[in-house]
Amino acid sequence: MAQDRFELLGGILCLDFVNTIHEYGAVDPREELHSFDDLVAFGNQAGAITIRQAAKLLKRASSNPAMAARTLAAARECRLALYHLFSAIAGGKHLPARDLHFLNRQLSRTFQNLRIRSKGDEVDWSWEEGNPKPERVLWPIIRSGTELLTSTDRRLIRECGSQTCTWLFLDRSKNRTRLWCDMKTCGNRAKWRRYYNKHKTKED
């Protein structure tokens, strides 16, 4: 399976998932999840599922394309709800009730697949790994989203300062002053734009 297809700049699984679309609200936002295969590839690269689990999901999807299509649609709906919630936090706004209600509905479907397993002296959380369900790739993402919403780390959520980017990230910089999802792209473009506008004004 191809690796490094996605830019993982969010600092946490759920934000990396939200960032698989560019420019929320734009007329023609750039989509990165065009197919169920893309969703599985993201899950594998981001650590939500293993290569072996990914292979099982792709095999099952190939025998039931309709189910795979429904899972992709559900993933996109979940992604939008997470974006609305985290963007609201980044902007200091109240959580949108509709999206919070949507996420709560997902919890009952997701957490019923969570198990406590022991391995030697260790006890940890694990997912039900019986007959693989296509939505298996979403379970860790939803859990990541709920854990972020209910942790103090939610205060670190930022939205990229670029006018053409809506990516979200956790600001773990020393002074909590990070402005851009990526300094090499959005940050440099913003610097160039300020430089251009400054010199254009002088010329005019």
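Worth pointing out:
- Solvent-accessible area per residue for the chain (1.4 angstrom probe, square angstrom): 59
- In the chain, the longest principal axis of the Cα atoms and the axis of helix 36-46 are about 80 degrees apart.
- Relative contact order, whole percent, for the chain stands at 24, derived from Cα pairs under 8 Å and 6 or more residues apart.
- FRET efficiency, 1/(1 + (r/R0)^6) with R0 25 Å, evaluated for ASP124 and GLU7 via beta carbons: 0.25
- Residue-averaged [θ]222 nm for the chain, counting only DSSP H segments that reach four residues, each worth -39500 (n - 2.57): -15500 deg cm²/dmol
- Length gained when the stretch SER173-THR150 is fully extended (0.36 nm per residue, less Cα-Cα span): 6.2 nm
- For region 126-144, backbone nitrogen atoms closer than 13 Å to the point 7 Å from SER63 Cα along Cα-to-C-beta are found at 131-134.
- Modelled spin-label separation between LEU114 and ASN131, with each label point placed 7 Å from Cα along the Cα-to-Cβ direction: 2.5 nm.
- Accessible area of the chain belonging to carbon and sulfur atoms, whole % at 1.4 Å probe: 51
The values are calculated or read from the model by the stated rules, or taken from the named source; none is laboratory data. Keep in mind that this is a model prediction, so the values were computed, not measured. Glycine gets a Cβ as well: all are built from the backbone with ideal geometry, and neighbour counts include every protein chain shown. Each accessible area value is taken on the protein alone, full model and side chains, heavy atoms only, with ligands, DNA and RNA left out. Shrake-Rupley method; radii C 1.70, N 1.55, O 1.52, S 1.80 Å.
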